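The values are calculated or read from the model by the stated rules, or taken from the named source; none is laboratory data. Since the model is a prediction, treat every value here as computed from it, not as a measurement. Note: ideal-geometry Cβ built from the backbone for every residue, glycine included; neighbour counts use all protein chains shown.
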Amino acid sequence: MAVTANWFRQALKLALNKEIDFDTDVIRCMLTTSSYTPNLDTHDYVDDVDNEVAGAGYVAEGAALANAAVTYTAAASLTAWQASTAYVVGDLVRKATTNGHVYRCIVAGTSDSGEPTWPTVGGQTVADNTVTWAECGAGVIKLDADDVSWASSTITARYAVIYVDTGTTSTSALIVLINFGEDKSSSNGTFQITFDADGIAYIPVD
């Protein structure tokens, strides 16, 4: 399944407080059922998360993410806009000939046969056939990692929670919430999360 994600709002504060170090910390991904009620504003540590998935092939506290890293990517290095292409909310593009700005899809649809007139003021939007783009800075700070999976599993999950594993739930900082939108299941098979090509989650940077 391909997914995008949202930051827990406290993650940046915890990173500034040096409670998150993306270069050295063990970053894990745990799965929860639909009974968990996420609060992106107030949940900050793993002890706020309940109803973790249980089932064959799944180990409590989830799986460590391989090659987890936070990087900065300038607009020029992002994927260029393409004509007559389907885009979904959250997709990031740059002008075909880069103008130093990043654009985020805020209304899904299919792009036009020719480029729109791209805005260069923060937050401004432009219609592109049935797509709507919003200007969102000169680059993005992205969290990314290898895709994660649970082989030979029989589980049902609604959410994935990415967090720093300190070994203590009250100090293991939450980073990102992934909402599958509906229950996803595996039956003696592989439950895999395929992270978005633009990263697990990102923050626009002016």
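A few remarks follow.
- Residue within segment 49-71 that is touching a helix residue (DSSP H, G or I) at 6+ places or on another chain (Cβ under 7 Å), surrounded by 15 or more Cβ atoms within 10 Å (Cβ to Cβ), charged (D, E, K, R) and part of a strand (DSSP E or B) present: no
- Hits in segment 125-146 - residues which are assigned to a loop (DSSP other than H, G, I, E, B) and either loosely packed, with under 14 Cβ neighbours inside 10 Å or touching a residue at least 60 places away in the same chain (Cβ under 8 Å) (or both): Thr130, Cys136, Gly137, Ala138, Ala145, Asp146
- Screening Val121 against (1) of a type in the set (A, V, I, L, M, F, W, C); (2) buried (at least 19 other Cβ atoms within 10 Å of the Cβ); (3) assigned to a loop (DSSP other than H, G, I, E, B) leaves a single unmet condition, (2).
- Selection count where residues are of a type outside the set (Gly, Ala, Ser) and either in the same structural domain as Asn6 (by TED's automatic domain parsing) or part of a strand (DSSP E or B) (or both), scope segment 106-118: 3
- All positions within segment 75-105 that are in a strand (DSSP E or B), among the hydrophobic types (A, V, I, L, M, F, W, C) and surrounded by 15 or more Cβ atoms within 10 Å (Cβ to Cβ): Leu92, Val93, Cys105
- Pick from segment 160-171, criterion in contact with a strand residue (DSSP E or B) (Cβ under 7 Å, 6 or more places away or on another chain), surrounded by fewer than 22 Cβ atoms within 10 Å (Cβ to Cβ) and of a type outside the set (D, E, K, R), ranking: nearest to Glu19 (Cα to Cα): Thr171
- Search result, residues across segment 1-37 that are more than 15 Å from the chain's Cα centre (by Cα), surrounded by 16 or more Cβ atoms within 10 Å (Cβ to Cβ) and closer than 25 Å to Pro204 by Cβ: Gln10, Leu14, Ala15, Glu19, Ile20, Asp25
- Scan segment 1-20 for residues that are in a loop (DSSP other than H, G, I, E, B) and either farther than 19 Å from Leu65 by Cβ or free of Cβ contacts under 8 Å to residues at least 40 places away in the same chain (or both) and the total you get is 4.
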